[in-house]
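For reference, the structure discussed in these notes is given below.
Every number here is computed from the coordinates shown, using simple stated rules; none is lab data. What you are looking at is a predicted structure, and each value in this text was computed from that prediction instead of being measured. Positions of Cβ are generated from backbone atoms using ideal geometry, with glycine treated the same way; all protein chains shown enter the neighbour counts.
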Amino acid sequence: MIRFRSFLFPLLATPLLLAACNQRTPETTATTPAPPPEVPGPDLMALADSNAAQLLLAYGRQYPGQEVLLQTRLGDMRIHLYDDTPIHSANFLLLSRKGVFNESVFNRVVQGFAIQGGGSERRTIAMRSYRLPPEIRPQHFHKRGALAMARYDGEMNPGKLSSNNDFYIVQGEKMSAAQAQASAPRPLTPEQTRTYETLGGTPGLDGQYTVFGEVVEGLDVIDKIANEPVGMDKWPVTDVGIKVKVLK
């Protein structure tokens with residue numbers, strides 16, 4: 001299995017997302033799948049930082065979608081995409097319909113924090129490494145089941161541009177209202193603190209990354225993936241492959 005570059009979410013004590021590149025020697029020889037059927041929408045090789053927002057907004061208006069089904073060997077998650085994050089939602093719909101996520105795995109899993117996937121260096125679908133402008137909304141926070149895009153941090157990315165394909169889903173932990181507010185970089189509403197108390201999450205990421213959807217069915221699958229044995233790099237010992245289909 002060949003490792004791929006990943007936009008990593010932080011460990012609990014790490015305030016910033018990091019980038020890393022790992023490799024694993026292939027164990028089997030994979031056959032090249034047949035090319036996917038032609039799907040309407042922007043050419044993935046034509047997308048760039050300079051035009052991604054414009055092209056994706058137009059795509060989202062022409063080919064809207066609200067829900068996707070993320071399938072794994074450990075179960076399925078039904079995910080609702082937010083209307084007020086139109087660039088990120090349209091991008092996720094486009095890559096889902098193009099079959100990009102179907103060639104990826106969950107490549108970084110931190111129990112009690114989040115599961116990350118979406119990238120691959122074994123991809124047969126040609127695409128550029130464009131980024132998305134942030135759509136950080138105060139009403140969307142890192143509760144359990146939140147879907148967000150990872151990114152490079154630090155001086156190399158002052159605009160907090162999101163990755164185009166590396167996403168993560170929050171597992172998190174339950175905490176008191178005081179603990180949640182103390183770890184959050186922005187003020188939390190009473191509803192948000194109650195959610196962190198009763199459902200759990202990772203408030204330390206609020207306001208830093210774009211949350212653009214949430215798991216509405218299959219929250220238990222997050223736990224199953226998070227419980228998978230992992231190596232020192234947090235990559236599951238047995239790959240957890242991803243398949244995504246747009247439901248509506």
Convex hull of the stretch 108-248 built on C-alpha atoms - directionally averaged projected area, nm²: 9.9 nm²
Cα centroid of the stretch 56-71 to Cα centroid of the stretch 196-216, whole Å: 21 Å
Scattering curve values for the stretch 169-248, log₁₀ I(q)/I(0), Debye with Cα scatterers, q = 0.14, 0.18 Å⁻¹: -0.61, -0.92
Cα gyration tensor shape for the stretch 44-148, rounded if a/c is under 1.5, else prolate or oblate: oblate
Cα point-scatterer Debye curve for the stretch 93-147, base-10 log of I(q)/I(0) at q = 0.18, 0.24 Å⁻¹: -0.84, -1.14
Length added when fully stretched, MET232-SER50, from 0.36 nm per residue minus Cα-Cα: 61.8 nm
Ranking of ASP239, ASP76 by count of other Cβ atoms within 10 Å, fewest first: ASP76, ASP239
For the chain: relative contact order, % (alpha-carbon pairs under 8 angstrom, 6 or more apart): 27 percent
For the stretch 125-177: rounded, prolate or oblate by the Cα gyration tensor [a/c cutoff 1.5]: prolate
Span from the the stretch 130-170 Cα centroid across to the the stretch 226-248 one, whole angstrom: 19 Å
Cα gyration tensor, the stretch 136-213 - rounded (a/c under 1.5), prolate or oblate: prolate
Test item: Cα-centred dipole of the chain, Lys/Arg +1 and Asp/Glu -1 on Cβ, debye: 240 debye
Burial order of peptide ranges 40-47, 92-99 (average beta-carbon count within 10 Å, highest first): 92-99, 40-47
Residue list for the stretch 67-105, given a label point 7 angstrom along the Cα-to-Cβ vector of THR124 and an amide N cut-off under 13 Å: 99-100, 102-104
